[in-house]
1. On the basis of being assigned by TED's automatic domain parsing to the domain that holds Val333 and out of contact with any helix residue (DSSP H, G or I) (no Cβ under 9 Å at 6 or more places or on another chain), does Ala454 make the cut?
2. Looking at the range 288-295, is at least one residue over 22 Å from Glu200 (Cα atoms) and in the same structural domain as Glu220 (by TED's automatic domain parsing)?
3. Before we move on, is Ser165 surrounded by fewer than 18 Cβ atoms within 10 Å (Cβ to Cβ), without any contact (Cβ under 8 Å) to a residue 24 or more places away in the chain and either part of a strand (DSSP E or B) or not assigned by TED's automatic domain parsing to the domain that holds Ile245 (or both)?
4. Among (1) more than 19 Å from Gly123 (Cβ to Cβ); (2) crowded, with 20+ Cβ neighbours inside 10 Å, which single condition is Thr317 missing?
5. Assess whether Tyr403 counts as being at pLDDT below 90 and part of a helix (DSSP H, G or I).
6. Take the residues in the range 422-461 that are in contact (Cβ under 8 Å) with a residue 40 or more places away in the chain and of a type in the set (Gly, Ala, Ser); name whichever of them is surrounded by the fewest Cβ atoms within 10 Å (Cβ to Cβ).
7. Can you confirm whether Lys474 is farther than 27 Å from His296 by Cβ, out of contact with any Leu (no Cβ under 6 Å at 6 or more places or on another chain) and either in contact (Cβ under 8 Å) with a residue 40 or more places away in the chain or outside the structural domain of Arg340 (by TED's automatic domain parsing) (or both)?
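The values are calculated or read from the model by the stated rules, or taken from the named source; none is laboratory data. Small disclaimer: the values here were computed from a predicted structure and weren't measured. Ideal geometry is used to build each Cβ from the backbone, glycine not excepted, and the neighbour counts take in all protein chains shown.
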Amino acid sequence: MAKTVKDIIDLIKNQGIKMVDFKMVDVNGQFRHVTIPAAEFSEDTIKKGIGFDASNYGYAVVEKSDMVFIPDPDTAFVDPFSEIPTLSIGGDAMIIDSPENRPLPHYPRNIVRAAEKFMRETGVADTMLILPEFEFYLFDEVGWEVRSGVVSSYVDAKQSYWNSSAEGKGVIVPKQKAYHIAKPYDVTYECRSEMCLRMEEMGIKIKYHHPEVAASGQFEIEPMLGKMSEMADNTMIIKYIIKNIAAKYGLSATFMPKPVLGEAGSGMHVHMLLLKDGKPVFADNKGYAGLSRTAHYFMGGLLKHIASLAAITNPSTNSFKRLVPGYEAPVTVGYAMSNRSAVIRIPAYAKAPEERRFELRNPDATCNPYFCYAAILMAGLDGVKNKIDPHENGWGPYDVNLYHLPEEEKKKLKALPTSLEAALAALESDHDYLTAGGVFPEALIKDFIATKRAECLEINSVPTPVEFEKYYNK
């Protein structure tokens, strides 16, 4: 049930709220915030909003940067991480125009809504349900230094195999052997359980949490399927909760895709399905893996645009250090049932028609979730519109372990981009499917590419320790 301004004011009074914190999302998918005393919150706050400089959020040039943030009462929750009673509210960015404000088309929540509107207009479906899997590391210590005389980083997790002599009690997890490992080796169980309880308190239903493969503190929390726009908001809250609860336990949480050499990387696999009038669009008992022709076309769109899509779903240079063979990370453009080496995996356990779905395995949580989910939907809809059949295009199904194919067979396979630079080049030449219906503004895509290329240039100019190892004595 939608919240009203009166509901918010009553909540402030009943909960003894002292501050109201407005959380906004920048172009990189990170929270920014501004706070007012609760006594100053009124109906006018919702109507008139809070002014801010959007140029510092990456959305506008300085001379056109004055924006207004309009709170959305439905997003309100009591922030459990503030000692002073605080109500947190998300919302939308508006351009200050006369006679009235209009939505900022670059703002992430507006893009997700535009993508959902476009979906309904196509007639393919009226609802997209998604389920992102949140993989992350919890470290006991982390640090880095980048300056002229020093380039270094370090991480430590007390249960990791490299502490076998220092730990002194034998509570050590072997390298790459942590998947579902139980106590006493699962040393952050209480921390993760509290994370999930906080999520449940905020209305985010959780399927489970567990240790992941990497022995150096890698874990996963998986929510239930939810509507795309709601899950985009919930993705921000889930990451917020994970990082704050980790800090409470003296730990550092990271969604960095590849923080540890030789261990599994962290992804954010995205499961998806479509509904129309409440009925599953992807289900067909006669189709491969029980999926309909529409589902196959949707997969075809994802696979056709996967190189450019990767710039949005994997927008860090570190993302591509995860997307390498040997760690269950997808590196091959293809689809299959229960095969983790392909970009698209169809889970065999989803047998009921309303559960028939597939997952895109390359995304990671360094992405802006609003851009990521909207781009996935737009790529899939393009596949449906143009009837892009993944089998006819030679993208599978691959019902073999692609890592173990003979080298001659591997050469026939199409691979994901191997760098952010390559993904950005693909996005530059292939983004019409994103701008269809005005969902992604052309200017936003150009600014995104320019910003990320500058980021690549900055990172590529820094010598790394491995380069010293390889080249110092040449």
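1. yes
2. No: the range 288-295 contains no residue that is over 22 Å from Glu200 (Cα atoms) and in the same structural domain as Glu220 (by TED's automatic domain parsing).
3. Criteria not met by Ser165.
4. (2)
5. Values: at pLDDT below 90: yes; part of a helix (DSSP H, G or I): yes.
Here the answer is yes, as Tyr403 does meet what is asked.
6. Ser429
7. Yes, satisfied.
Matching residues to (1) crowded, with 22+ Cβ neighbours inside 10 Å; (2) not in a loop (DSSP other than H, G, I, E, B):
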site: Phe219; (1), (2): yes, yes
site: Asn244; (1), (2): no, yes
site: Ala247; (1), (2): no, yes
site: Ser266; (1), (2): yes, no
site: His271; (1), (2): no, yes
site: Lys286; (1), (2): no, no
site: Leu303; (1), (2): yes, yes
site: Ser308; (1), (2): yes, yes
site: Ile312; (1), (2): yes, yes
